[in-house]
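Quick notes on the structure that follows.
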Amino acid sequence: MHIHGLSVEQALASLNTTAAGLAGPEAARRLAEFGPNHVEEVGREHLLIGFAREFTHFFAIILWIGAALAFLAEHFDPGQGMARLGVAIVGVIIVNGVFSFWQEYKAEKAVAALRQLLPQKVQVLRGGEVTQLLASGLVPGDVVLLAEGDFVPADCRLIETLALRVNTATITGESLPKARTTEASTEDSPVYARNLVLAGTSVVSGEARAVVYATGMRTEFGRIAHLTQTAGTGSSPLQREIARLSRIVAVLATGMGVVLYFVGQAVGLPPLENLLFAIGIIVANVPEGLLPTVTLSLAMATQRMARRNALVRHLPAVEALGSTTTICCDKTGTLTQNRMSVQRLWLGGGFLDVGDLAGQARLREDNRELFANAAFCHNLKIVEANGRHKLLGDPMEAALASIGRQMTGELAAYRRIDEIPFDTDRKRMSVLCATPRGRMLYCKGAPETVIAACGHVQFDAGLVPLDPVVRTRLLAAQRQMAEAGLRVLAFAHVAVPDGMPGEEHGMILSGLVGLEDPPRPEVPEAVARCATAGIRIIMVTGDHPQTALAIARRIGMVKTENPMVISGDQLRSISPAQLQLALDAKEIIFARVAAEQKMLIVQALQKKGEIVAVTGDGVNDAPALKTADIGIAMGIGGTDVAKEAADLILLDDNFASIVAAIEEGRAVFDNIRKFLTYILSSNIPELVPYLAFVLFRIPLPLTIIQILAVDLGTDMLPALALGAEKPDPGVMQRPPRARHERLLSWSLLARAYLFLGVLEAAAAMAVFFVVLNAAGWTWGVNLDRTDPLYLQATSACLATIVVMQMMNVVLCRHPSKSAFALGLFGNRYILMGLAAELAVILFIIYTPPGQWLFGTAAIGAEVWLLALVGAALMWALEEMRKAWLRRRLSP
Ligand code: ATP
């Protein structure tokens, strides 16, 4: 019989386990037998297919055509070296394909490695004790504890439930939560059995204990894994823009090649030379390695973000982060430390500081109910560790429970019977307890919701009806604590006669408790950085407006006298248009907001054209996390469901990490511009020689193979190094990038093509002529392709371009800052790239195989010196341009 047809006892027995879980050694044995609880990835594209794609994309096809043309030319007119060109082009396609494949593979690995950083953890009973394990360590027979927001880690049979509801959408496609209980089921299919929870589904609310009966690929989820593998692929707008851009450039280059071919025909160039010329134009201008370089630099950014405790789940998020304009942030745990401690109480009609508590024996009698309430009304797990009790769970509840336990002497005499769970709408929770004085309902929560359900208040002199006067006193007390930044909770109790259900009604208010949760020390600085970076922070909290405001002031989020504070109730009563208008206020706080309302705020901000990042941790936050441009989940305090919905996970739950991630996101965009400038610059010195060749009938200064040597040899690693530049300190001192700001701006094109490129071309041509003239060449003399002088002159041209590009790497590290200001050692990849560049050019010019393939010959020291002079000149001119630009930019 299937496990869901059995009773709880039978089910446990059938798995040879007990409700206290397996013993450690037995679990280890089963792990060896059944293997780890993994769902293997299926349906992934085979590596070979990805590899093949690198040779069949648009650029590759253009290059294949070029190679075919060269072989065709060799066929009709043998002996002109065209076959060698064909071979070289094929070589280039291979080198380029392998390099691109390597970059993409590395990018994919980097992203996959990030996923490993945050493995799913589960609470398991082993030998009767609650321990935390990696989900992969589960075996059949394990007893797991499930709570709201958890992903179910394996297929389980429920053995104990409390108002459990699960979302089974991943398995059944139904999105409405389903109730689950422990009773035996007559259902045929395990998918619909009401006493099972299956791997891959999630707990929407309630709690449960369940025994694992299937793990890994044996789960229902494992069987249909291909349906649900939601790896964050999908290309980002940036990648799409690059792809589009490359395609346009390639089409333009091809068009230009064709046009110039006909021009060559018209001026009477020999057809073969003319063909060579056309291929040269095309190859010189097609940005071959752009897309993989962009992808890899995005992936490298994710690694840098991870080092700063921000885990990116989807590559496109890197980019959206860089343009974030507004962060909606909750308070507890993100802005604050979530280290709660009870500071003040309002008890029996007056305030009492915690320091004074211990000495007051009188308290124990009169206010017993408040402390019993604090000790029992919670959802903590109490674990024994070396003879001491540890309270696991919500830090606020832990703070309350520990003070409650300290003040109540008769813990053993209490037993918890039932619970009315907390939710962010009701903002309170209750438990029903059996106590020495009969059954009691203990309720705690936000004061306004608890007071509303009370009829009396416990004063020192006895019970007092909760009339308007008393209510005003209570609210004043609450206000006073909130204004000091304390979170205030109200406690109430009511006796529940046997046989009656526990209801939160007609209760006695036992007192108010003020808890301190200090801001994280790094937050004020991060908030200030957002201000200079033009990013607005909007606090969206479930806490009381006054408390929220006090904290906001303390961290520097609110500086004006009268910031806009909008409560959840107000939010319910205003129209979307009104909300949009309200969002114009400079400083805004949303307080006493339910998680569901976050989405309204996000949507309103988006309608105003903002790029919104929003934080969240609970199940109810998931819709807002999905809607926002950047959903941010908490790595420590967040539920599995929130993490799954998010684009970014904070490993340390810290607001400052969001700001760090934004900084990296902005840097990526800058870096891509840096290497675009670098790559585009060299197109001009590659193009000019051909124009000069056809227009002035001089020997061709740079051959096609040599162009390829620059584009796909010497340029590649330095470009990658520019993609790995660290964020510039100035990156957070300017406003966010406009939503539609293009990557390729006119100023970038002008700098690359009209300035740097022209300087490089001038230097290369000058050195070419110096070498020719020194050997007595005069205008109009034709040189044979194998003439030693010709070989030396083209080598000199090539060497000069490479030396200029080496200088260019240093210049491209910043669009306006002096190369002096940056220092040379900030990015070791730059040094590695330069070394590689030098090695490649020396190989090409000084080794026999290099000389054979690229048609070069050894050149003398004076040529290098000349090239260096050219580079120094470019440096000086670029420094002058930057200085001029800085002066223009500074106010
Ligand atoms: P943030 O949204 O900034 O994280 P928060 O933790 O206050 O703040 P919620 O979790 O929505 O937000 O809580 C809202 C309110 O509900 C709290 O201010 C508190 O008054 C009350 N509350 C929170 N947790 C509990 C709990 N476990 N039991 C009873 N009341 C609670």
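The values are calculated or read from the model by the stated rules, or taken from the named source; none is laboratory data. Given the structure is predicted, the values throughout are model-derived calculations rather than measurements. Quick reminder, even Gly has a Cβ in these numbers, built from the backbone with ideal geometry, and neighbours come from all protein chains shown. For the accessible areas, the whole protein counts, side chains as well, though only heavy atoms, and no ligand, DNA or RNA atoms are used. Shrake-Rupley method; radii C 1.70, N 1.55, O 1.52, S 1.80 Å.
At a Förster radius of 25 Å, what calculated FRET efficiency corresponds to the Cβ-Cβ distance of R307 and K586, to the nearest 0.05? Once rounded, the FRET efficiency stands at 0.15.
Calculated FRET efficiency, A13 to A594, Cβ-Cβ distance, R0 = 30 Å: about 0.10 to the nearest 0.05. Under the rule a/c < 1.5 gives rounded, and otherwise a/b versus b/c splits prolate from oblate, where does segment 341-513 land using the Cα gyration tensor? Rounded shape, in that the Cα axes give a/c under 1.5. The trypsin sites (Lys or Arg not before Pro) found in segment 517-597 that occupy coil by DSSP, while having at most 12 further C-beta atoms within 10 Å, are K559, K586.
Shape analysis of the chain yields a ratio of the Cα radius of gyration to the Kirkwood radius, Rg/Rh, of 1.10. Multiplying the residue separation of N562 and W852 by 0.36 nm and subtracting their alpha-carbon distance yields 96.7 nm.
Between the amide H of E419 and those of L432, distances stay under 5 Å, these residues lying 5 or more places away or on another chain, with hydrogens modeled in the peptide plane. Using the Cβ-Cβ distance between A476 and I382 with R0 set to 45 Å, the FRET efficiency from 1/(1 + (r/R0)^6) comes to roughly 0.80.
For segment 394-427, backbone nitrogen atoms closer than 20 Å to the point 7 Å from E448 Cα along Cα-to-C-beta are found at 422-427. Rounded to the nearest whole Hz, the Karplus-based 3J(HN,Hα) values (6.51 cos²θ - 1.76 cosθ + 1.60, θ = phi - 60°) of segment 832-848 follow the sequence 5, x, 5, 4, 5, 4, 5, 4, 5, 5, 5, 4, 5, 8, 10, 10, x, with x at glycine and proline. Label-to-label distance for R734 and D188 is 6.6 nm, based on points extended 7 Å past Cα in the beta-carbon direction. Taking 0.36 nm per residue of separation and subtracting the current Cα-Cα distance, fully stretching the chain between A243 and R697 would add 159.8 nm. You can think of it this way: the chain between D467 and V263 has 63.7 nm of extra reach, that is 0.36 nm per residue less the Cα-Cα gap.
Net charge dipole, the chain: roughly 1480 debye, given to the nearest 20, about the Cα centre with Cβ charges of +1 for Lys and Arg and -1 for Asp and Glu. Taking every protein chain into account, the 1.4 Å probe leaves S745 with about 30 Å² of accessible area, to the nearest ten. For segment 152-231, GluC sites (Glu not before Pro) are listed when DSSP marks them as loop and at most 13 other Cβ atoms sit within 10 Å of their Cβ; the list is E174, E183. Ordering I451, L118, I65 by the projection of their Cα atoms onto the charge dipole of the chain, which places +1 on the Cβ of Lys and Arg and -1 on the Cβ of Asp and Glu, puts I451 at the extreme positive end. In this rough spin-label picture, where each label sits 7 Å from Cα along the Cβ direction, the M832-A412 distance is 6.5 nm. Within segment 2-108, the trypsin sites (Lys or Arg not before Pro) that combine a DSSP coil assignment with at most 15 other C-beta atoms in a 10 angstrom radius are R44.
Can you list the residues of segment 480-516 with backbone N under 11 Å from a point 7 Å past the Cα of R553, pointing along Cα to Cβ? From segment 480-516, the list is 483-485.
List residues of segment 129-148, by number, whose backbone nitrogen lies under 18 Å from a label position 7 Å along Cα→C-beta of F34. Within reach of a label on F34: 129, 131-146. With the simple spin-label model, which puts each label point 7 Å out from Cα in the Cβ direction, the T786 to A531 separation comes to 7.6 nm.
A cut-off of 5 Å between modelled amide H atoms, ignoring neighbours fewer than 5 places along the same chain, links L138 with N37.
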